[in-house]
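K.L.:
Structure below; questions to follow.
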């Protein structure tokens, strides 16, 4: 690999999932992993296998289905202990390019208050665990947690020890987002200049955004010689999050004179990736978010509008199409055949669907084409996600009927098939139609949750737009946990019912319920059992 190539190490599925409120089940993780591969990331950190059997199973599935010959490196995270490394290898070993990523803290504050270890013990543990990981994998990454608050001389000593033991990538994390760009650039430069054997390794950054400096620090690390950056879609991650992939990649692309390096990212997939992660995690993107926010290429000021109309570069340093903001029309209509439809699915990255799934998707597409004159790729992707990437259905939505208006009292009637095949219908009133629908569902599903967040998003513009709804619910018994659900439909009330029931199905699966007989949108052949959400 050339010296000007910067590896993109995406940790959305590991560090990103640790964002407060982010919930991803195995289906969500697999869908995001496939999209990250289409995006062109070099490494996917698929999870923390030792955290739970569910996380290990999810990483295994990603390693098998996404970690192909032409796919990215699949990494798992492991603490510097043998049982974590064993679990990590069990999860990633089926990938064509597996990586074990192990870590231990090196700052005095962590050694004293968290690890309660001496420096000598940390050096010995780091060396032994990297050597242990190398018995399994040829590709081993080592991270010095809280490196930015560690004494440089000790950091060099630890890195030298793990390189001697076989580490191939050395990560220098700003774990708590403490560094300023000049400090972090100096830290990376110091590691490159002072660690014996560092020329045999790739030096990596991992910057958190507690002071709003994650992107700046990451770019500073690249200027100092780092050739791997650990980032997440939309900047998800612990506390204030990580360096956002889209910001780092577009900064490198937009300022090549300042950063004479390159990545393998297909930037036209950035908006699609951002939207997918936002919907699946239930964490929306702020309108003013750089690169992928809805206002990133919007101009309100008359002066700005006039300038852009005269010449785009007066106020836009990037083109909207560079990040995939243009809406491509699907060159298919309600009279199109299945063969043309399947070819289009393959072009969009859904070549893995079997004949039965293609037929289901085709039926959904036909129904949508009857309602909308123009069906876009974004519409189709929303339908596919709604059809194939929902959790296994314990409770299956059969019908929703709502009566509301001025001055009528909003009333909803909902019919649901339960796990035993029983069919129930309940009606309820509410302060609005959504409240009435959710209350009716609550009367059927035998457990209580608290609605934390309700988000509505129009997939495209226009009065007949397909609507996507994301909800987050919180359980209180026995322990508080967050679950998200997603639904898509041209009827926003139906989409809301789908989303709420999808979240409740995740709650049901975590409580040990068995899936019902396969209904629309379920994935009975997945073999998935209850999954743990979060690390």
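K.L.:
Restricting attention to the stretch 65-85, which residues are in contact (Cβ under 8 Å) with a residue 24 or more places away in the chain, under 30 Å from residue 35 (Cβ atoms) and surrounded by fewer than 16 Cβ atoms within 10 Å (Cβ to Cβ)? Outline the logic, then answer.
P.N.:
Residues of the stretch 65-85 in contact (Cβ under 8 Å) with a residue 24 or more places away in the chain: 65-69, 71-85.
Those left that are additionally under 30 Å from residue 35 (Cβ atoms): 65-69, 71-79, 84-85.
Selection gives 68, 69.
K.L.:
Moving on to the next point. So, in the stretch 413-430, how many residues would count as being under 20 Å from residue 490 (Cα atoms) and more than 34 Å from the chain's Cα centre (by Cα)? Full working, then the answer.
P.N.:
Pass one, the stretch 413-430, residues under 20 Å from residue 490 (Cα atoms): 413-415.
Subsequent filtering for residues that are more than 34 Å from the chain's Cα centre (by Cα) retains 413.
Number of matching residues: 1.
K.L.:
Also: Any idea how many residues of the stretch 125-163 are assigned to a loop (DSSP other than H, G, I, E, B) and farther than 21 Å from residue 190 by Cα? Write out each step before concluding.
P.N.:
Here is the first cut: in the stretch 125-163, the ones assigned to a loop (DSSP other than H, G, I, E, B) are 135-139, 146, 150-151.
Within this subset, residues satisfying the condition of being farther than 21 Å from residue 190 by Cα are 135-139.
Of the residues in that region, 5 qualify.
K.L.:
Follow-up question, since we're still on this one. Filter the stretch 367-376 down to residues that are surrounded by fewer than 18 Cβ atoms within 10 Å (Cβ to Cβ) and in a helix (DSSP H, G or I) and give me whichever is nearest to the chain's Cα centre (by Cα).
P.N.:
Going residue by residue through the stretch 367-376, those that are surrounded by fewer than 18 Cβ atoms within 10 Å (Cβ to Cβ) are 367, 370-374.
Okay, now just the ones that are also in a helix (DSSP H, G or I), so 367, 370-371.
Details: 367: 30, 370: 33, 371: 31 Å.
If we take residues in the stretch 367-376 being surrounded by fewer than 18 Cβ atoms within 10 Å (Cβ to Cβ) and in a helix (DSSP H, G or I), then 367 is nearest to the chain's Cα centre (by Cα).
K.L.:
Another question, then. State all residues of the stretch 223-248 that are buried (at least 24 other Cβ atoms within 10 Å of the Cβ) and part of a helix (DSSP H, G or I); if no residue qualifies, say none.
P.N.:
233, 234, 235, 245, 246, 248
Quick grid of which residues meet (1) buried (at least 16 other Cβ atoms within 10 Å of the Cβ); (2) modelled with pLDDT of 95 or more; (3) in contact with a helix residue (DSSP H, G or I) (Cβ under 8 Å, 6 or more places away or on another chain):
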| site | (1), (2), (3) |
| --- | --- |
| 386 | yes, no, yes |
| 401 | no, yes, no |
| 404 | yes, no, yes |
| 412 | yes, yes, yes |
| 415 | yes, yes, no |
| 420 | no, no, no |
| 428 | yes, yes, yes |
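K.L.:
Would it be correct to say that residue 99 is closer than 27 Å to residue 352 by Cα, touching a residue at least 40 places away in the same chain (Cβ under 8 Å) and surrounded by 24 or more Cβ atoms within 10 Å (Cβ to Cβ)? Outline the logic, then answer.
P.N.:
Numbers: closer than 27 Å to residue 352 by Cα: yes; touching a residue at least 40 places away in the same chain (Cβ under 8 Å): yes; surrounded by 24 or more Cβ atoms within 10 Å (Cβ to Cβ): yes.
So residue 99 passes the test.
K.L.:
Of all residues in the stretch 106-146, which are crowded, with 24+ Cβ neighbours inside 10 Å, within 29 Å of the chain's Cα centre (by Cα) and closer than 18 Å to residue 175 by Cβ?
P.N.:
Here is the first cut: in the stretch 106-146, the residues crowded, with 24+ Cβ neighbours inside 10 Å are 106, 126, 129-130, 133, 140-144.
Next, from what is left, pick out any that are within 29 Å of the chain's Cα centre (by Cα): 106, 129-130, 133, 140-144.
Correct list: 106, 141, 142, 143, 144.
K.L.:
Does residue 44 qualify as being in contact with a helix residue (DSSP H, G or I) (Cβ under 7 Å, 6 or more places away or on another chain), free of Cβ contacts under 8 Å to residues at least 60 places away in the same chain, closer than 17 Å to residue 243 by Cα and buried (at least 19 other Cβ atoms within 10 Å of the Cβ)?
P.N.:
On the way: in contact with a helix residue (DSSP H, G or I) (Cβ under 7 Å, 6 or more places away or on another chain): yes; free of Cβ contacts under 8 Å to residues at least 60 places away in the same chain: yes; closer than 17 Å to residue 243 by Cα: yes; buried (at least 19 other Cβ atoms within 10 Å of the Cβ): yes.
Judged against the criteria, residue 44 is a match.
Here is a yes/no grid of residues against (1) modelled with pLDDT under 90; (2) farther than 20 Å from residue 440 by Cβ; (3) assigned to a helix (DSSP H, G or I):
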position	(1), (2), (3)
495	no, no, yes
505	no, no, yes
514	yes, yes, no
517	yes, yes, no
520	yes, no, no
529	yes, yes, no
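K.L.:
Considering the stretch 102-151 alone, what residues qualify as being touching a helix residue (DSSP H, G or I) at 6+ places or on another chain (Cβ under 6 Å) and at positive phi?
P.N.:
The one that is touching a helix residue (DSSP H, G or I) at 6+ places or on another chain (Cβ under 6 Å) and at positive phi: 146.
K.L.:
Quick check on my filter: what residues within the stretch 416-445 are within 19 Å of residue 473 (Cα to Cα), assigned to a loop (DSSP other than H, G, I, E, B) and either in contact with a strand residue (DSSP E or B) (Cβ under 8 Å, 6 or more places away or on another chain) or not assigned by TED's automatic domain parsing to the domain that holds residue 501 (or both)?
P.N.:
Correct list: 430, 445.
K.L.:
Only residues that are touching a residue at least 40 places away in the same chain (Cβ under 8 Å), under 10 Å from the mean Cα position of the chain (by Cα) and assigned to a helix (DSSP H, G or I): list them for the stretch 1-29, please.
P.N.:
16, 17, 28
Let's see how each residue does on (1) within 30 Å of residue 375 (Cβ to Cβ); (2) surrounded by 15 or more Cβ atoms within 10 Å (Cβ to Cβ):
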| site | (1), (2) |
| --- | --- |
| 460 | yes, yes |
| 464 | yes, no |
| 475 | no, yes |
| 513 | no, yes |
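K.L.:
Follow-up question, since we're still on this one. For the stretch 378-415: of the residues being out of contact with any strand residue (DSSP E or B) (no Cβ under 8 Å at 6 or more places or on another chain) and in a helix (DSSP H, G or I), which is nearest to residue 487 (Cα to Cα)?
P.N.:
The qualifying residue nearest to residue 487 (Cα to Cα) is 387.
K.L.:
Answer with yes or no whether residue 109 is in the same structural domain as residue 220 (by TED's automatic domain parsing), assigned to a helix (DSSP H, G or I) and in contact (Cβ under 8 Å) with a residue 40 or more places away in the chain. Talk me through it step by step, then tell me what you get.
P.N.:
Values: in the same structural domain as residue 220 (by TED's automatic domain parsing): yes; assigned to a helix (DSSP H, G or I): yes; in contact (Cβ under 8 Å) with a residue 40 or more places away in the chain: yes.
So residue 109 passes the test.
K.L.:
With respect to residue 473, is the statement that it is assigned to a strand (DSSP E or B), closer than 15 Å to residue 23 by Cβ and free of Cβ contacts under 8 Å to residues at least 60 places away in the same chain true? Even if it seems obvious, please write down each step before you answer.
P.N.:
Values: assigned to a strand (DSSP E or B): yes; closer than 15 Å to residue 23 by Cβ: yes; free of Cβ contacts under 8 Å to residues at least 60 places away in the same chain: yes.
Yes: the conditions hold for residue 473.
K.L.:
Right, next: Can residue 224 be described as free of Cβ contacts under 8 Å to residues at least 24 places away in the same chain and either farther than 20 Å from residue 322 by Cα or touching a strand residue (DSSP E or B) at 6+ places or on another chain (Cβ under 9 Å) (or both)?
P.N.:
Numbers: free of Cβ contacts under 8 Å to residues at least 24 places away in the same chain: no; either farther than 20 Å from residue 322 by Cα or touching a strand residue (DSSP E or B) at 6+ places or on another chain (Cβ under 9 Å) (or both): yes.
So residue 224 fails the test.
The values are calculated or read from the model by the stated rules, or taken from the named source; none is laboratory data. Keep in mind that this is a model prediction, so the values were computed, not measured. A quick note on method: Cβ atoms are made from the backbone with ideal geometry, for glycine too, and the neighbour counts reach across all protein chains shown.
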